[in-house]
Amino acid sequence: MIKNQPRHQYVIGVIVTLVFVGMIIFANWLVTTQGMWPIGFGLEAVSGTMFVGFVIAARDIIQDTLGRTTILALIAVGTAISFTMSAPAIAFASAAAFGFGELMNFAVYTPIRTKSKLGDKRWATAVVSSNIVASLIDSIMFLAIAFGITSIGVEVLGQFVGKMYATIAYLIIGWVIGRIRAGSLQAFEQQGIVSR
């Protein structure tokens, strides 16, 4: 738990951690059992791609609610899950892509996120920048290691678009929550309940 953090943020962090682990398990199960899925725009992606996008977004929430140490430990756990759940032919590709992609997300998100609030422009910049980097790295590494360097092409675009669907959903949710919080704070200020 982060020092001086409201209890509800801790609870949100725990819930999102469970979703994070569940999505890693589900995404790996899909990749192992389902193959490719159409994702729109005439593109296809590995079946677990969109769920990996939700994992990338959840990583940001966990870092914000439970801290850097917790998310680094969860990246290690997620990497181990990816390795053990994947088909033997893609286990290393899945684990390497997940681990390195999530660490790059952490490296980009952390400095940009500092001194921003959920839903503001700096937060949105942190989310978009880190998720683009993580999505591209995860996609390129997975495809190159699992299927060979020649598989990198249109498939990367499909993987990337699939993961960006989750980023867009996260941005919308964060923006709405940020506006609700700002409206609630203004209402409390007007009633004299809180002051800045």
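Every number in this text was worked out from the coordinates using simple rules, so none of it is lab data. Since we're looking at a predicted model, the values are computed, not measured. All Cβ positions, glycine included, derive from the backbone under ideal geometry; neighbour counts span all protein chains shown.
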Margin query: Which one, LEU103, PHE41, THR150, is farthest towards the positive end of the dipole of the chain when Lys and Arg carry +1 and Asp and Glu -1 on their Cβ?
Written below: LEU103
Notebook entry, point to check: Using unit Cβ charges (K, R positive; D, E negative) and no other charged atoms, how large, in debye to the nearest 20, is the dipole of the chain about its Cα centre?
Noted result: 820
Checklist line | Distant-in-sequence amide H partners of ILE39 (H built 1.01 Å from N, under 5 Å) | finding: GLU44, ALA45
Notebook entry, point to check: Shape of the chain from its Cα gyration tensor (a ≥ b ≥ c, root eigenvalues): rounded if a/c is under 1.5, otherwise prolate when a/b > b/c, or oblate?
Noted result: prolate
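Sorted by average packing, counted as other Cβ atoms within 10 angstrom per residue and highest first, what order do 118-126, 78-86 take?
Ranking, from highest mean packing down: 78-86, 118-126.
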Note to self: Using a 7 Å offset from the Cα along the Cα-to-Cβ direction at both ALA169 and THR114, what is the distance between the two label points in nm, to one decimal?
What the structure shows: 3.2
Item checked: In order through segment 54-65: 3J(HN,Hα) via Karplus (6.51 cos²θ - 1.76 cosθ + 1.60), integer Hz, x for Gly, Pro -> 5, 5, 4, 5, 4, 4, 5, 5, 5, 4, 5, 9
Notebook entry, point to check: Using alpha-carbon positions, what is the distance between the centroids of segment 83-128 and segment 10-60, in Å?
Noted result: 12
Item checked: Cα-based helix-to-principal-axis angle, 91-113 vs the chain, degrees rounded to 10 -> 30
Check: For the chain, what is the calculated [θ] at 222 nm in deg cm²/dmol (nearest 500), taking -39500 (n - 2.57) for each run of four or more DSSP H residues and dividing by its residue count?
Finding: -27500 deg cm²/dmol
